[in-house]
Amino acid sequence: MDLRDMVVGEGKGEALLDHQLDQQVFHIRMANSAGRREAASLLLKKMYGWRGYSVEPGTIPSPNKITLFAETGGNTVGTMSLCLDSTGMGLPADENYRDKLDELRSEQRRLCEPSRLAIDKGVSKRVFAALIHISYIYAHNIHGYTDYIIEVNPRHVMFYKRMLGFRNFGGQRDCTRVGAPAVLLRLELDYMGEQIRKFGGQMEQHDAAERSFYPYFFPRWDEPGITGRLVEGKT
């Protein structure tokens, strides 16, 4: 499937998801127009720039990438992109970790890479969880991808391990795209599915000992409806 065919609410102003949580209304939409991609790119520049990282503009569509963004009150407050591995295009992480990714490809694993994640300050944890959960549904439930691969700054490794269950998969290397060191992490999407089924939708009643983000994900019974909206969005 050409991801350029993946359009949700184009021309109708519809949100993929609307939620009022923690007294904060937010909408998740697909960045399927130049204006929406520009808004997502501006948030990236804002959140990465103050840390001293360089980030390339993300306003040009790619056939193997989708971009989601969250907005509230007309402001973009969260964004992430998801690249799907494909013959001839590969993933951004191939630039620094091609040898490690090829190991998984040789095992017939289907890889995808969440990237360009940015969440504005003071935003509900549910925004982060919603972006990740929708990308999981799109990659795993609809298209059968098996693994997330991410490059993260060494300072953020424990966050992704603790909050989502990522594991080490490659040692520290220089990430040429952002001009900073990076570590390669891997997450099997079957594991993510298990955690969603166990904890999803339990934000208010989950055990305080559960420190992950999974209680902030949607409950498992919401997935068919979200999946349907994603599928119906194809032109």
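The values are calculated or read from the model by the stated rules, or taken from the named source; none is laboratory data. Please read these numbers as outputs of a predicted model, since none were measured by experiment. As a convention, Cβ positions derive from the backbone with ideal geometry for all residues, glycine included, and neighbour counts pool all protein chains shown. Keep in mind that these areas ignore ligands, DNA and RNA; they rest on the heavy atoms of the full protein, side chains included. Shrake-Rupley method; radii C 1.70, N 1.55, O 1.52, S 1.80 Å.
Points to keep in mind about this one:
- Distance (nanometres) between label positions extended 7 Å along Cα→Cβ at residue 146 and residue 190: 0.8 nm
- Residue pairs exceeding 23 angstrom between C-alpha atoms, taken from 65/198; 100/125; 100/161: 65/198; 100/125.
- Shape box of the stretch 83-207 [Cα atoms, principal axes, largest first, Å]: 43, 31, 20
- The stretch 135-187: radius of gyration and largest Cα-Cα distance (Dmax), Å: 12.2, 34
- Think of a 1.4 Å ball rolled over the protein heavy atoms: the stretch 86-225 then has 47 Å² of accessible area per residue.
- Ranked from largest to smallest solvent-accessible area, with a 1.4 Å probe on the protein heavy atoms, 198, 161 come out as 198, 161.
- Net charge of neighbours whose Cβ lies under 13 Å from the Cβ of residue 111, counting Lys and Arg as +1 and Asp and Glu as -1: -3
- Between residue 107 and residue 211, the contour length at 0.36 nm per residue exceeds the Cα-Cα span by 34.2 nm.
- Heavy-atom accessible surface of residue 158, to the nearest 10 Å², is about 110 Å², with a 1.4 Å probe and all protein chains retained.
- Less than 5 angstrom separates the built amide H of residue 78 from those of 70, 120, all sequence-distant by 5 or more or on a different chain.
- Protein-only accessible surface order, largest first, of 147, 99 at 1.4 Å: 99, 147
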